[in-house]
Every structure is written in C-alpha cells, then in structure tokens.
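Trainee: The following block contains the structure, expressed as structure tokens.
The values are calculated or read from the model by the stated rules, or taken from the named source; none is laboratory data. These figures come from a predicted structure and were not determined experimentally. We place every Cβ from the backbone using ideal geometry, glycine too, and count neighbours over all the protein chains shown.
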Amino acid sequence: MPRSSDGHAFDKSYWDAHWQGDRSGAPEAIAGSPPNPHLVREIDDLRPGTALDAGCGAGAEALWLAARGWQVTGVDIAADALARAAERASATAVADRARWVSADLTMWVPSTTYDLVTTHYAHAAMPQLEFYDRVSSWVSPGGTLLIVGHLDHDQGHGDAGPSAAASVTAGGITARLDPAEWEVATAEELHRTAASHGGARTLHDVVVRAIRRH
Ligand SMILES: C[S@@+](CC[C@H](N)C(=O)[O-])C[C@H]1O[C@@H](n2cnc3c(N)ncnc32)[C@H](O)[C@@H]1O
C-alpha cells in the first residue's frame, strides 16, 4: 500500500488529519489555491458535459469546471475537504452545477459514467496505478480521462515530493491504457513552480489525457 513520506498509509484517518489542519497548514494553502494549470490547459477547449473530480479536495478544479459549464461531481474521502469545497462553491454563481460526494473511491461505484473524469494528486490506500485503472473505468465512450500525478522520484529530479510510493511516470500510466480502447492525447512529465507556505517549490508532475474510443 502506498505510504506518505512520513510513513503513513493514505487512508481516511490520514486525509481527515490533513484536512483538519494539523499538517503544516497545508489545507489552508490548498483551500485558497487556483485550479491546477494542467487542467486549465488540457480541458479549456473541451465542450462541457458531465465531469467527475476524483479526490477533489477543497474543490478548486471542480469549481473551475462548473464555471465553464460542466456539471461536476466532486468526490472526496475527507468530510472537511468537502465542507471547504461546498463553502467555496456557495460564494460562486455556479454552486448548482457542483455536487459533493463523501465517499472512499477505492470502494465507491458511481451510478453513471462521465464525459470527463479527472484526478489531481489523489493518493488512496491502494496502489497508485490501480487507482487510475479504477477511475478510468468511469469515463463514458467518447469521454476524456485526465490524470495529473506526482512524477516518480526515481526519475532523478532530486527533492522528495509527498510520496515516492504514490508517484508514477507517464509511461506507467499509458501502458495500462489499452490502445484499442484509448487514444492518448497527452503524456507528459513536466516541472513547475508553485506557491507553497509563503514561498515557492518545484513540482514534478505527470499529465496524461486520453479519450475513450468506445
Ligand atoms: C493531495 S490532495 C489533492 C486535492 C485536490 N485534488 C488538489 O489537487 O488540490 C488528495 C485528495 O484525495 C483525497 N483522497 C485520498 N484518498 C481518497 C479516497 N480513497 N477516496 C476519495 N478521496 C480520497 C484526499 O482526501 C485529498 O483531498
């Protein structure tokens, strides 16, 4: 099972503690954050439909999608994260286009599929690539999968991210997307600087966007 860099499993108690604010103030930083730039770049031109944000946290990405006309379901295991998302939504004009579901994505089974399934840095208590297999099965025919993850530290980029065990490579993800079923549009490993605790840090990201053929 993947573990955080300080040895915790990525289970509900880990994420509840994370969002309850006893982890270096990270929840406040995340709660006020802009949407993930990879989502903005990859999805901006897509015609809106239904979307699922798996591990939505405080809702920055889900609300960005809602503002662009998507009917979004944000799922998270941490009630405090969803409370922040709902509060943030209530200050917007698009709250009615966002639905918040408290569920464990390792067990939750949606009642429908989605035109877009997206996930950003979500680490569950299951192997990371199996988690991506699971969320990718919820994409409708013709729909889009967008995975934004942490790049595997073994790739030689130096500073440790949140967890080596939960990190991946673009090739690791695309190898599991059957070419008969998926057209891979983006498979990139990128580095960016993001605000962090009043300073800045370098993030090593993996971005995979794929379209389900049928
Ligand atoms: C690092 S945070 C990222 C949050 C948000 N996607 C973002 O990019 O800011 C990971 C999120 O995944 C959620 N999560 C982890 N395991 C989960 C699970 N099994 N089911 C649902 N959500 C989960 C956590 O509660 C947390 O909000």
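Trainee: If you go through the stretch 109-120 one residue at a time, do you hit one that is over 15 Å from the mean Cα position of the chain (by Cα) and within 14 Å of the ligand (Cβ to nearest atom)?
Mentor: yes
Trainee: Out of the residues in the stretch 40-58 that are near the ligand (Cβ under 9 Å from one of its atoms) and within 13 Å of residue 118 (Cβ to Cβ), state the one that is surrounded by the fewest Cβ atoms within 10 Å (Cβ to Cβ).
Mentor: 55
Trainee: Please verify whether the stretch 145-158 includes one or more residues that are at pLDDT 95 or above and either more than 16 Å from the ligand (Cβ to nearest atom) or more than 20 Å from residue 57 (Cα to Cα) (or both).
Mentor: Scanning the stretch 145-158 turns up no residue that is at pLDDT 95 or above and either more than 16 Å from the ligand (Cβ to nearest atom) or more than 20 Å from residue 57 (Cα to Cα) (or both).
Trainee: Look at residue 116 and say whether it is of a type in the set (A, V, I, L, M), surrounded by 19 or more Cβ atoms within 10 Å (Cβ to Cβ), assigned to a strand (DSSP E or B) and touching a residue at least 40 places away in the same chain (Cβ under 8 Å).
Mentor: Yes: the conditions hold for residue 116.
Trainee: Also, I was wondering about something else. Enumerate the helices (runs of 4 or more DSSP H) found wholly within the stretch 1-66, keeping only those where 1 or more residues are at pLDDT below 95 and hydrophobic (A, V, I, L, M, F, W, C). Outline the logic, then answer.
Mentor: Details: elements: 12-19, 26-31, 37-43.
Counting at least 1 such residues, we get 12-19, 26-31.
Trainee: Something else: Could you check how many residues of the stretch 79-113 are in a loop (DSSP other than H, G, I, E, B) and either crowded, with 20+ Cβ neighbours inside 10 Å or among the hydroxyl-bearing types (Ser, Thr, Tyr) (or both)?
Mentor: So the answer is 6.
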